[in-house]
Amino acid sequence: MRICVIGTGYVGLVAGTCFAESGNNVICVDVDEAKIEGLRNGVIPIYEPGLKELVHRNSAEGRLSFTTDLAAAVKESLISFIAVGTPPGEDGSADLKHVLGVAREIGRHMEGFKIIVDKSTVPVGTADKVRQAVQGELDRRGVSLEFDVVSNPEFLKEGAAIDDFMKPDRVVIGADNVRTAEIMKELYSPFMRKTNRLIVMDIRSAEMTKYAANAMLATRISFMNQIANLCELMNADVSAVREGIGSDSRIGYDFLFPGVGYGGSCFPKDVKALIKTAEECGYDFLLLKSVEQVNERQKRLLPEKILGYFGNNGASRPLAGKTIAVWGLSFKPRTDDMREAPSIVIIERLLELGATVRAHDPEAVREARKFFGDRITYSSSNQYDILAEADALAIITEWNEYRNPDFERIRALLRQPVIFDGRNLYKPARMQEIGFEYFSLGRTPTG
Ligand code: NAD
């Protein structure tokens with residue numbers, strides 16, 4: 001099939017590349033000329049395991065191309081995916097200016113029957129707005145052309161995006177036309193080898209499904225963070241509790257790890273947008289408001305623990321003179337994405353308290369510079385370099401290389417052997433044994 005994907009970000013580039021990998025002819029479109037120029041020369045703008053090889057292969061074999069020319073791409077394609085960003089507006093609702101801008105552009109340039117697919121995460125009712133935007137342009141041109149709008153929310157996870165796209169748990173298609181639903185099924189059939197979970201439903205339910213999924217996952221995280229905080233107060237061990245509840249098949253083990261709060265480009269904005277959508281129809285989504293509040297508090301926990309350890313001497317900058325080494329900046333491992341990363345709140349707070357911060361991250365340093373500039377120092381090569389003469393190590397992101405480090409080396413480099421672990425990577429009893437002061441989340445010292 002001939003497809004264009006408009007918006008060549010995390011979702012658009014992965015989706016476009018995977019559709020090309022399954023034999024389709026795909027044109028990826030973006031307004032960012034530098035990004036498109038880079039991709040034409042094989043430069044991948046994001047870090048995503050396995051993506052580079054797939055882009056190179058499919059480009060070389062002529063199935064994948066990149067352009068800023070939306071008009072030409074739409075004309076050549078039966079299906080146009082809209083995969084542009086939907087950032088939160090000032091009031092928390094999803095800002096649809098990019099989505100509707102693209103819809104108008106499609107209406108301005110389409111010449112025959114088109115299937116227009118919302119791949120971006122968009123609130124219930126957006127497909128109607130997309131339809132109106134396209135129709136408005138067709139009316140303005142004085143032409144009568146058929147088109148269908150489909151909702152096809154994306155569930156990939158950054159860091160495992162290729163695998164998630166190629167072997168999805170499910171694909172959701174919201175369509176109001178059987179013929180179009182059949183075309184979408186055909187497009188996705190190569191990805192249905194793991195499970196045949198292609199779920200066709202009405203458009204509004206498909207739009208809601210994406211928000212409900214992210215809201216549920218965010219809720220599990222906030223829930224478990226509160227359980228961990230309570231465990232800590234009550235001398236219970238959250239890891240044992242997780243084992244205990246996860247074994248219940250109704251609950252399951254996933255998404256029950258306590259941490260420094262959820263971040264990224266999806267959960268925070270989608271939770272906000274769903275609260276806003278509810279508000280717009282006069283419904284107070286109390287549960288999600290709490291999920292969000294808990295998350296904001298959780299992001300502040302690590303700096304408070306650090307402050308508690310070094311002592312709040314009442315000075316305006318009580319951590320002045322202290323150096324904190326940080327492992328991990330991206331909002332989760334295996335991505336360079338820094339959008340809404342908890343590290344932003346944690347590091348800003350440490351700086352506010354007067355600390356000097358040195359940070360290591362294998363992939364996110366370039367992105368992190370956009371947030372902290374020269375206010376902290378960085379390393380992307382050696383995770384131990386930043387430890388020399390630091391007063392403590394704080395772990396924010398659970399990259400694999402932090403899971404089994406050389407503790408002797410850490411101890412030799414730090415001024416004192418203190419670790420604040422926001423991801424519960426090590427066993428408290430073992431850390432005590434090897435002489436570290438070790439602070440994690442919701443666990444007993446013997447855990
Ligand atoms: P992104 O910011 O990485 O990419 C968006 C791209 O769209 C950018 O390259 C931007 O230049 C381009 N763009 C903006 N306006 C354009 C226009 N008028 N024409 C062409 N290109 C334009 O965003 P993303 O992370 O890929 O997210 C895209 C959508 O997918 C969002 O709605 C997001 O919520 C959703 N989503 C994201 C993820 C994820 O893990 N990142 C997962 C599932 C769903």
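The values are calculated or read from the model by the stated rules, or taken from the named source; none is laboratory data. The structure displayed is predicted, hence computed values, not measured ones. Here the Cβ is made from the backbone with ideal geometry for all residues, glycine too, and neighbour counts use every protein chain on show.
Does Gly373 satisfy being touching a helix residue (DSSP H, G or I) at 6+ places or on another chain (Cβ under 9 Å), at pLDDT 95 or above and at positive phi?
In short, no.
Does Ala160 satisfy the condition of being crowded, with 18+ Cβ neighbours inside 10 Å and in the same structural domain as Arg193 (by TED's automatic domain parsing)?
For Ala160, the condition - crowded, with 18+ Cβ neighbours inside 10 Å and in the same structural domain as Arg193 (by TED's automatic domain parsing) - is not met.
What's the number of the condition Ile251 fails, among (1) aliphatic (A, V, I, L, M); (2) surrounded by fewer than 20 Cβ atoms within 10 Å (Cβ to Cβ); (3) within 20 Å of Pro445 (Cβ to Cβ)?
(3)
Look at Ile162 and say whether it is touching a residue at least 40 places away in the same chain (Cβ under 8 Å), under 22 Å from Gly23 (Cα atoms) and not in a helix (DSSP H, G or I).
In short, no.
Just one of the numbered conditions (1) outside any loop (DSSP other than H, G, I, E, B); (2) within 16 Å of the ligand (Cβ to nearest atom); (3) closer than 30 Å to Ser330 by Cα is not true of Leu233; which one?
For Leu233, the exception is condition (2).
Give the number of residues within the range 409-424 that are surrounded by fewer than 18 Cβ atoms within 10 Å (Cβ to Cβ) and either outside the structural domain of Ala388 (by TED's automatic domain parsing) or within 19 Å of Asn382 (Cβ to Cβ) (or both).
So the answer is 4.
Hey, can you tell me all the residues within the range 21-43 that are of a type outside the set (A, V, I, L, M, F, W, C) and within 14 Å of the ligand (Cβ to nearest atom)?
The answer is Asp30, Asp32, Glu33, Lys35, Glu37, Gly38.
Taking the residues in the range 272-296 that are among the basic types (Lys, Arg) and touching a residue at least 24 places away in the same chain (Cβ under 8 Å) as candidates, determine which candidate is farthest from Asn424 (Cα to Cα).
Within the range 272-296, the match that is farthest from Asn424 (Cα to Cα) is Lys276.
Consider only pairs whose beta carbons are under 8 Å apart and that are at least six residues apart or on different chains; among these, list those whose first residue lies in the range 195-219 and is within 16 Å of Asp118 (Cβ to Cβ) and whose second residue is part of a helix (DSSP H, G or I) and among the basic types (Lys, Arg).
If the second residue must be part of a helix (DSSP H, G or I) and among the basic types (Lys, Arg), the pairs left are Val200/Lys185.
Of all residues being assigned to a loop (DSSP other than H, G, I, E, B) and within 11 Å of the ligand (Cβ to nearest atom) in the range 70-119, which is modelled with the lowest pLDDT? Just the residue, please.
This residue is Pro87.
Can you spot a residue in the range 338-353 that is polar (S, T, N, Q) and modelled with pLDDT of 95 or more?
The answer is yes, given that some residue of the range 338-353 is polar (S, T, N, Q) and modelled with pLDDT of 95 or more.
Tell me which residues, restricted to the range 232-258, are on the phi > 0 side of the Ramachandran plot and under 26 Å from the mean Cα position of the chain (by Cα).
Gly252, Phe255
Would you mention how many residues in the range 120-133 are crowded, with 20+ Cβ neighbours inside 10 Å and in a helix (DSSP H, G or I)?
Of the residues in that region, 4 qualify.
I'd like to know if the range 427-434 contains one or more residues that are under 26 Å from Leu353 (Cα atoms) and among the small types (Gly, Ala, Ser).
The answer is no; no qualifying residue exists.
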